[in-house]
1. Could you check residue 286 against (1) exposed (fewer than 15 other Cβ atoms within 10 Å of the Cβ); (2) more than 21 Å from the chain's Cα centre (by Cα); (3) away from the ligand (no atom under 14 Å from the Cβ) and say which number it fails?
2. If I filter segment 219-229 for residues that are in the same structural domain as residue 190 (by TED's automatic domain parsing) and not in a loop (DSSP other than H, G, I, E, B), do I get at least one hit?
3. With the requirement that a residue be open to solvent by less than 50 Å² (accessible area, probe 1.4 Å) and small (Gly, Ala, Ser), what does segment 200-234 give you?
4. Report, by residue number, each residue of segment 310-346 that is under 17 Å from the mean Cα position of the chain (by Cα) and among the aliphatic types (A, V, I, L, M).
5. Go through (1) among the aliphatic types (A, V, I, L, M); (2) more than 24 Å from residue 135 (Cα to Cα); (3) crowded, with 19+ Cβ neighbours inside 10 Å and name the single condition residue 301 misses.
6. Residue 77 is checked against (1) open to solvent by 10 Å² or more (accessible area, probe 1.4 Å); (2) more than 15 Å from the ligand (Cβ to nearest atom) and fails just one. What number does that condition carry?
7. Just name the residue that is nearest to residue 230 (Cα to Cα) out of those in segment 25-44 that are open to solvent by 90 Å² or more (accessible area, probe 1.4 Å) and among the polar types (S, T, N, Q).
8. Restricting to segment 233-287, name every residue that is among the aliphatic types (A, V, I, L, M) and in a loop (DSSP other than H, G, I, E, B).
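The values are calculated or read from the model by the stated rules, or taken from the named source; none is laboratory data. The model shown is predicted, which means the values in this text are computed figures rather than measured ones. Using ideal geometry, Cβ is built from the backbone for each residue, glycine included, and neighbour counts are taken over all protein chains shown. Please note that ligands, DNA and RNA were not included when accessible areas were found on the heavy atoms of the full protein model with its side chains. Shrake-Rupley method; radii C 1.70, N 1.55, O 1.52, S 1.80 Å.
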Amino acid sequence: MKPIFVTQPFLPPLEEFTELLKQIWDNKILTNSGPFHKEFEQALADFLGVRYISLFSNGTLALITALQTLKITGEVITTPFSFVATTHALWWNGIKPVFVDVEADFCNLDADKIEAAITPQTTAIMPVHVYGNPCQVDKIQKIADAYGLKVIYDACHAFGVQINGNSLLNFGDLSVLSFHATKVFNTIEGGAIICHDEKTKTRIDFLKNFGYDGELRVVAPGINAKMNEVQSAFGLLQLKYVEHAIEKRKIICELYKELLCDVKGLTYQNQLSGVKHNYPYFPVFIDEKTFGMSRDELNELMKSHQFFGRRYFYPLISQFPTYKGLASSNPANLPVAELKTKQVFCLPIYPDLELSDVRRICELIKSVGK
Ligand code: T4K
């Protein structure tokens, strides 16, 4: 049996990509805001329904730069239930992460617990739209406004997600996307910052290019985080196919839900009304007692059948050595996240996953306890 991994990147037709590569070979512009970069940036802003977008070489550098853009310092309230890059971006800026618990339904930062964690040092909130499910954006904005805090969304899972027809990326001061190979939309590696005014976009563009404003002026201590022409051309092509790819993910997600709906001790996340989803992951949550097997045992069983799901996100970021010593990392402060991280298991989902493989995965899961 061929192994089935948690994901597999979506790739455009090779011959279409080689056509674009020929253009790069002809004009010899490889990076530094070339023609494909410009075209992709505009096409992406139009596609996503956002005003300003700045392309990056990956999501992590985009997160680090987003914090630099708004000159965030001191303490930032964030979630422990994410990929470790979310908190690393704070660490790279010398900012102290303050972990707040998540809510049970979607594992997103619990807006009702944010206020209690605010101190005079707090300057921003950095929530994550985990698995592409929107955070409680209105509640979070209300708190931010009341305390004069910035909001930077790690929207790395939220490509194309909309609330009532409006892009989720339009909420908060900034949102950050990842276009990593494992994401719904990929440029092999890549990322972006979304902002809402031209001045901020200009600052972001300076920061990702060493701080250069023109040939001789350096206006800030910037970094090199530019997306190159090959990635940009690849992204432009991917954009043609992404709606179709999301549609295929939706079919897989619906089949999982149909086949797993009556499995005792296994739950999955139901969609919020008014949300156009992008189906990046299919997390299930295992209650060991009722299911008859722990999440880790299920993982081993699946592996023995060549199904390689993943425990995104286990361990919690707060449990990694760099962050474990923080007061907010105390498990007693994060009871819901501590529970969810032990239960979660992400099943394979990607556009080319065969529905027959989804059925085989579900049969195996359903065989537990029989
Ligand atoms: N914030 C959030 C919330 C994020 O989830 C991420 C990234 C970031 C920030 C940072 O964005 P980037 O700087 O990465 O743009 C993966 C990804 O490397 C990472 O991008 C992603 N989140 C994270 C959730 O997952 P791994 O270590 O699990 O990936 P890996 O290599 O084990 O891949 C998983 C499976 O995918 C493999 O078993 C096989 C398949 N695969 C993977 C790659 C890379 C392929 O078939 N082809 C491939 O090229 O971290």
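1. So residue 286 meets the others, but not (1).
2. Among the residues of segment 219-229, at least one is in the same structural domain as residue 190 (by TED's automatic domain parsing) and not in a loop (DSSP other than H, G, I, E, B), which makes the answer yes.
3. 211, 220, 222, 225, 232, 233, listed by residue number.
4. 316, 317, 344
5. It is condition (3) that residue 301 fails.
6. Every condition holds for residue 77 apart from (1).
7. 32
8. 263, 272
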